[in-house]
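The values are calculated or read from the model by the stated rules, or taken from the named source; none is laboratory data. In this text, all values refer to a predicted model and were calculated from it rather than measured experimentally. Positions of Cβ are backbone-derived with ideal geometry, glycine not excepted, and every protein chain shown enters the neighbour counts.
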């Protein structure tokens, strides 16, 4: 049945010139793929300028990693691909600059790409640019042979396409064939091989789909931009599925196309990485020297035990299924059993008064219902695979997608996906509940550990954990910390070379594991453990006494808290104030921003728990970097720790900040409240947010102190200017150290070199304290340095007036201050400021 098209509908879209230059028909292109209209109808332009602008309004539907090609989907459904140059994909983005990102809405004439003409021409690469319609429409060239100006002249008009309407339902005679392909095209499926593949598929009546197993992306093989959107590279593992009456012939043609390179030369084999000789670094601990192995602290503590390796080995399972109905029934059984077992875990945690951590497994129950995993598995089962094979492939693909995300926190959640996936797979394999019997005093070593495995650990046997992978902010790390199990992540692979039963010291506090320690080292560790236990016990007995040095100098000891439960514990352990309330607890792990009433109640409860005489510093929302919010999408950033985070979130989203400030002010009637802004790096930032606070104070009719965290070196260097305008400083030594030394504190190799007692950091602290003193303001420390036994006397000697520490550390830090002499601390501080290394600072004696 043919469609009648009105004359008013005969022109779907007119395209203006994306570049200046002479317009030619697509058949005049020097590239045979373009000239043959294998990608689509259109025009070519030899550009006389170097900025590509949008030829029509629409949405960016494709942006190639090499930045040489961009596609726009217009409101009429027509997709326009602009491909700059011939073989420019080989430049891998060098010489190109993208001005837009995927999903952006653009208007006619908006800049899309810029390129370096001189650089590209120096590579003897043509800049001939093709503008093609990828959705199948045709049209005619306007201004052919004319010199046009970008964004001003029309170059192509797209005709409406009449299509025959036919049934999209599958025939009973359809056959489905699935094959795995390893892509051997050096640059993946870019425009040319994608177009060739589409031409092959068009020769048959089958529906062909492609699944990139490396990232879980899937598409139909009839769309150029969709194929390019698979983000394939050399070696990508693809699953090709053909469905139709001639499926076998289609598959053979497609496979032959892949074998022949889809029109371009392909690699003979996958590149083999050359072995790189491991060298001894010039600085830092030497991996394996005397059994010393560095790691990254995920949960604190020091223990002595026996190393025990646990390597997961799955039972074998068939790839082919028995029948689709049987396999689907089996998958449903596994998912239901896994859901029941998760509920049992949740109940267990609540019975053990650890219900706050049950939300991890509630989230796992939700992951079981995730259509991205289930639907992919069902599709594979429908193609003839077994439930076990389909489910395993599906959840691994989803986990890989998450690992590749730029957001560190979301990437760390890949372990949760694998945890859920393995739970179901174990039920499908019939091996659920099987676990090794571990000896007492086990230091368990795994490739990685899931939250479920942490919760069910035999605490009578396992006293510490170390893993080759994993993250310090993962759910597994959070649970290990809550359960008091020392845990190191990012251990070197060489740990596998040590035998089960090897005696080890796991010192998560210092981020190392020592294999086969000497008797002296063991005695020293035991003595340290005993001293810590005795010190803690003695300090607890006098936790409510003030922290006053032997010569009468008082230091306020405050608590870093994250919720009401922390506040209640802090009061019991002698906290004299809250030096840092991390307000993120209200914003995280939810799908909407907390309401004004929710915030007022939460702040009021915490302030009330601390009482009228204990000041509470509430830090405004500090997200970004490694702390994202589901309902606050942030743009992709090369380095999110140097991007939109901390106070910059409030500056860019003032309505959210205004609501939080209003809630804090409304709650301030309960007790003594201060507001503190994080990550302030310049005076204009502080002045902007202070103005907002003053406006809200006038509305509410209350006044509170306003301070900033000193976390960025620029803030410390300008402390004399800030001190004239703030009420107090609180130094966040964790970030200040990270930014000053330019070392990511979670880096597997460099984290051990992060130390807040670095002389450069101490000088910034000294500069800040002196600037505050001159203006009659006070300075506190709320980073982990405040509880370091070596750092406490130096910080006191520098004139820091408040030490804000983790709740469990409160009694011990107060006791340490009581054992100090302020005059001696001042001498130690001055010595530290002239040291040239951390080692020298840590060797200073009173």
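Considering only the stretch 63-75, I want to know if a residue exists there that is surrounded by fewer than 16 Cβ atoms within 10 Å (Cβ to Cβ) and at pLDDT below 90.
Restricting attention to the stretch 63-75, the residues satisfying the condition of being surrounded by fewer than 16 Cβ atoms within 10 Å (Cβ to Cβ) are 75.
Filter again for at pLDDT below 90, leaving 75.
Looking through the stretch 63-75, at least one residue is surrounded by fewer than 16 Cβ atoms within 10 Å (Cβ to Cβ) and at pLDDT below 90.
For the stretch 184-213, which residues satisfy the criterion of being in a loop (DSSP other than H, G, I, E, B), touching a strand residue (DSSP E or B) at 6+ places or on another chain (Cβ under 6 Å) and surrounded by fewer than 24 Cβ atoms within 10 Å (Cβ to Cβ)?
Of all residues in the stretch 184-213, those in a loop (DSSP other than H, G, I, E, B) come to 184-190, 203-206, 213.
Subsequent filtering for residues that are touching a strand residue (DSSP E or B) at 6+ places or on another chain (Cβ under 6 Å) retains 205-206, 213.
Once the filter is applied, which keeps residues that are in a loop (DSSP other than H, G, I, E, B), touching a strand residue (DSSP E or B) at 6+ places or on another chain (Cβ under 6 Å) and surrounded by fewer than 24 Cβ atoms within 10 Å (Cβ to Cβ), the stretch 184-213 yields 205, 213.
So is residue 95 at positive phi and at pLDDT 90 or above or not? Walk me through how you get there before you give the answer.
On the way: at positive phi: yes; at pLDDT 90 or above: yes.
The answer is yes for residue 95.
Out of contact with any strand residue (DSSP E or B) (no Cβ under 9 Å at 6 or more places or on another chain) and over 20 Å from residue 717 (Cα atoms): is that true of residue 803 in this structure?
no
Report, by residue number, each residue of the stretch 281-305 that is modelled with pLDDT of 70 or more, assigned to a loop (DSSP other than H, G, I, E, B) and farther than 11 Å from residue 512 by Cβ. Walk me through how you get there before you give the answer.
Of the stretch 281-305, the ones modelled with pLDDT of 70 or more are 281-283, 290-305.
Right, trim to assigned to a loop (DSSP other than H, G, I, E, B) and you get 281-283, 295, 300-301.
281, 282, 283, 300, 301 - these are the residues of the stretch 281-305 that are modelled with pLDDT of 70 or more, assigned to a loop (DSSP other than H, G, I, E, B) and farther than 11 Å from residue 512 by Cβ.
Here is a list: 350, 344, 329. Which entry is assigned to a helix (DSSP H, G or I) and at pLDDT 85 or above? Can you show your working first?
Values: 350 fails: at pLDDT 85 or above; 344 fails: at pLDDT 85 or above.
After ruling out the rest, the residue left standing is 329.
Within the stretch 786-802, is there a residue that is touching a helix residue (DSSP H, G or I) at 6+ places or on another chain (Cβ under 8 Å) and part of a strand (DSSP E or B)? Quick ask: steps written out before the conclusion?
Going residue by residue through the stretch 786-802, those that are touching a helix residue (DSSP H, G or I) at 6+ places or on another chain (Cβ under 8 Å) are 786-787, 789-800.
After this cut, where a residue has to be part of a strand (DSSP E or B) as well, the list is none.
No, every residue in the stretch 786-802 fails to be touching a helix residue (DSSP H, G or I) at 6+ places or on another chain (Cβ under 8 Å) and part of a strand (DSSP E or B).
I need a count of the residues in the stretch 430-452 that are within 30 Å of residue 329 (Cβ to Cβ) and either in contact with a strand residue (DSSP E or B) (Cβ under 8 Å, 6 or more places away or on another chain) or at pLDDT 85 or above (or both). Don't jump to the end; show me each part of the working.
So in the stretch 430-452, the residues within 30 Å of residue 329 (Cβ to Cβ) come out as 430-435, 450-452.
Those still in the list that are either in contact with a strand residue (DSSP E or B) (Cβ under 8 Å, 6 or more places away or on another chain) or at pLDDT 85 or above (or both) too: none.
Count: 0.
So residue 518 passes all but one of these: (1) within 30 Å of residue 303 (Cβ to Cβ); (2) free of Cβ contacts under 8 Å to residues at least 12 places away in the same chain; (3) in the same structural domain as residue 675 (by TED's automatic domain parsing). Which condition number does it fail?
Condition not satisfied by residue 518: (3).
Before we move on, is residue 810 in contact (Cβ under 8 Å) with a residue 60 or more places away in the chain and buried (at least 24 other Cβ atoms within 10 Å of the Cβ)? Steps first, answer last, please.
Values: in contact (Cβ under 8 Å) with a residue 60 or more places away in the chain: yes; buried (at least 24 other Cβ atoms within 10 Å of the Cβ): yes.
When the stated conditions are applied, residue 810 passes them.
Just checking, does the stretch 365-388 include any residue being in the same structural domain as residue 418 (by TED's automatic domain parsing), modelled with pLDDT under 85 and not in a helix (DSSP H, G or I)?
Among the residues of the stretch 365-388, at least one is in the same structural domain as residue 418 (by TED's automatic domain parsing), modelled with pLDDT under 85 and not in a helix (DSSP H, G or I), which makes the answer yes.
Exactly one of these conditions fails for residue 70: (1) in a strand (DSSP E or B); (2) out of contact with any strand residue (DSSP E or B) (no Cβ under 6 Å at 6 or more places or on another chain). Give me its number.
Status for residue 70: all satisfied but (2).
Just one of (1) out of contact with any strand residue (DSSP E or B) (no Cβ under 7 Å at 6 or more places or on another chain); (2) at pLDDT 95 or above trips up residue 780, so point out which.
Single failed check for residue 780: (1).
If we scan the stretch 620-642, do we find a residue that is closer than 30 Å to residue 701 by Cα, in contact with a helix residue (DSSP H, G or I) (Cβ under 7 Å, 6 or more places away or on another chain), at pLDDT 95 or above and surrounded by 15 or more Cβ atoms within 10 Å (Cβ to Cβ)? Show your work before the answer.
First, pick out the residues of the stretch 620-642 that are closer than 30 Å to residue 701 by Cα: 620-623.
This time we only want the ones that are in contact with a helix residue (DSSP H, G or I) (Cβ under 7 Å, 6 or more places away or on another chain), so: 620-623.
Add one more test, that the residue is at pLDDT 95 or above, and what stays is 620.
Adding the requirement that they be surrounded by 15 or more Cβ atoms within 10 Å (Cβ to Cβ) leaves 620.
Yes: the stretch 620-642 contains one or more residues that are closer than 30 Å to residue 701 by Cα, in contact with a helix residue (DSSP H, G or I) (Cβ under 7 Å, 6 or more places away or on another chain), at pLDDT 95 or above and surrounded by 15 or more Cβ atoms within 10 Å (Cβ to Cβ).
If you scan the stretch 80-92, which residues turn out to be at pLDDT below 90 and either in a strand (DSSP E or B) or farther than 22 Å from residue 40 by Cβ (or both)?
Scanning the stretch 80-92 gives 90, 91, 92.
Here's a check for you: in the stretch 541-599, which residue that is part of a loop (DSSP other than H, G, I, E, B) and without any contact (Cβ under 8 Å) to a residue 40 or more places away in the chain is farthest from residue 728 (Cα to Cα)?
Step one: list which residues in the stretch 541-599 are part of a loop (DSSP other than H, G, I, E, B), which gives 542-547, 549-553, 555, 562-563, 573-577, 587-595.
Add one more test, that the residue is without any contact (Cβ under 8 Å) to a residue 40 or more places away in the chain, and what stays is 544, 562, 576, 592, 594-595.
Details: 544: 25, 562: 21, 576: 17, 592: 32, 594: 28, 595: 29 Å.
Of everything passing the filter in the stretch 541-599, 592 is farthest from residue 728 (Cα to Cα).
For residues in the stretch 55-64 being out of contact with any helix residue (DSSP H, G or I) (no Cβ under 9 Å at 6 or more places or on another chain) and in a loop (DSSP other than H, G, I, E, B), which is farthest from residue 19 (Cα to Cα)?
In the first step, residues of the stretch 55-64 are kept if they are out of contact with any helix residue (DSSP H, G or I) (no Cβ under 9 Å at 6 or more places or on another chain); the result is 55-60, 63.
Those left that are additionally in a loop (DSSP other than H, G, I, E, B): 55-57.
Numbers: 55: 9, 56: 13, 57: 16 Å.
It comes out as 57.
Kindly indicate whether any position in the stretch 729-743 is on the phi > 0 side of the Ramachandran plot, surrounded by fewer than 18 Cβ atoms within 10 Å (Cβ to Cβ) and at pLDDT below 95.
Filtering the stretch 729-743 for residues on the phi > 0 side of the Ramachandran plot gives 742.
Pick out the ones that are also surrounded by fewer than 18 Cβ atoms within 10 Å (Cβ to Cβ) and you get 742.
Retained after the next criterion (residues that are at pLDDT below 95): 742.
Yes: the stretch 729-743 contains one or more residues that are on the phi > 0 side of the Ramachandran plot, surrounded by fewer than 18 Cβ atoms within 10 Å (Cβ to Cβ) and at pLDDT below 95.
So residue 274 clears everything in (1) surrounded by fewer than 18 Cβ atoms within 10 Å (Cβ to Cβ); (2) modelled with pLDDT of 85 or more; (3) over 30 Å from residue 508 (Cβ atoms) except one condition, right? Which one?
(2)
Among the residues of the stretch 690-707, how many are in contact with a strand residue (DSSP E or B) (Cβ under 6 Å, 6 or more places away or on another chain) and either touching a residue at least 40 places away in the same chain (Cβ under 8 Å) or at positive phi (or both)?
Summing the residues that are in contact with a strand residue (DSSP E or B) (Cβ under 6 Å, 6 or more places away or on another chain) and either touching a residue at least 40 places away in the same chain (Cβ under 8 Å) or at positive phi (or both) in the stretch 690-707 gives 2.
Return the residues of the stretch 477-488 that are within 20 Å of the chain's Cα centre (by Cα) and at pLDDT below 80; say none if nothing qualifies. Outline the logic, then answer.
Just the residues of the stretch 477-488 that are within 20 Å of the chain's Cα centre (by Cα), to begin with: 477-479, 488.
Listed by number, the residues that qualify are 478, 479.
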